[in-house]
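Please treat every number below as a calculation from the coordinates, not as lab data. Remember, predicted model here, so these are calculated numbers, not experimental data. Here the Cβ positions follow ideal geometry from the backbone for every residue, glycine too, while neighbour counts run over all protein chains shown.
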């Protein structure tokens with residue numbers, strides 16, 4: 001009887017385990033196996049085991065190393081912009097007198113537009129209507145104040161910055177939702193006590209509110225960090241590889257290697273390097289966040 005009670009829950013979770021093995025474990029194992037072989041897309045049966053030669057070849061490839069640098073700056077830029085703007089907007093919208101009003105609900109819905117739209121749509125809108133050099137919105141606004149137009153996506157100097165800003169605009173609503181909900185749970189009595197003691201709005205925000213939502217900040221930062229690191233859809237729709245491969249992030253390089261050059265071995269090797277980098281990044285960030293909480 002006791003054994004039946006012990007094994008009964010496994011009957012409910014077994015379908016999920018089997019589905020997870022089929023959709024996650026099997027592709028991962030196959031991908032790692034392909035990364036150790038010389039294999040072409042249209043000749044999958046013709047495989048030559050090369051061990052870790054694909055990985056060593058990548059680290060000697062200047063194109064791959066360039067994509068690593070581009071991915072690093074793209075990820076850091078997206079994370080900083082999304083978290084900072086998410087905090088700033090949520091801080092304003094969660095203040096008394098604004099929180100819960102019709103204007104707050106309208107602006108919340110307005111800010112959520114890029115989040116609910118698909119990434120390809122956001123990329124196409126950015127490329128055709130916002131950053132287009134001749135009739136895009138940005139250069140139109142710049143022209144109104146008498147400044148020279150920016151190169152946007154057609155300049156190697158600005159393409160990565162433009163792509164980073166556009167992707168950050170898509171990620172800001174995620175940070176806004178979490179931060180707004182966290183700030184709304186802070187009791188008004190704490191804020192009122194600080195105001196009675198003469199604390200300014202900035203002092204209240206940095207000394208009281210931010211420490212109380214530090215867990216939410218850590219959570220959102222990690223989610224945005226990993227999301228930006230593996231971004232593909234928006235970058236591909238917005239700028240592709242960019243002029244001079246200035247926006248050639250690692251996920252685009254995987255696509256290029258796997259489909260354009262049909263080199264499945266190298267494509268899978270890049271994918272597993274990305275997997276390892278994300279895993280290390282997540283573990284280090286979580287450990288650092290825990291150490292910071294322990295010191296406090």
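List of remarks:
- Listed values (i) 48, 46, 32; (ii) 86, 45, 37; (iii) 78, 75, 36 include one computed from this model; for Cα extents along the principal axes in Å that value carries the label (iii).
- Highest mean packing first, where packing is the average number of other Cβ atoms within 10 Å per residue, the peptides 19-26, 58-65, 252-259, 131-138 line up as 252-259, 131-138, 58-65, 19-26.
- Shape call, segment 1-102: gyration tensor on alpha carbons, a/c limit 1.5: oblate
- Span from the segment 198-268 Cα centroid across to the segment 56-99 one, whole angstrom: 5
- Order by protection proxy (mean Cβ within 10 Å, highest first), peptides 150-158, 193-201: 150-158, 193-201
- Segment 159-204: C-alpha gyration tensor shape, a/c 1.5 cut-off, then a/b vs b/c: oblate
- Here the calculated FRET efficiency for residue 156 and residue 18, from their Cβ-Cβ distance with R0 = 51 Å, stands at 0.60, rounded to the nearest 0.05.
- Rounded to the nearest 0.05, the FRET efficiency derived from the C-beta distance between residue 280 and residue 109 at R0 = 35 Å is 0.40.
- Rounded if a/c under 1.5, otherwise prolate or oblate - segment 4-49, Cα gyration tensor axes: prolate
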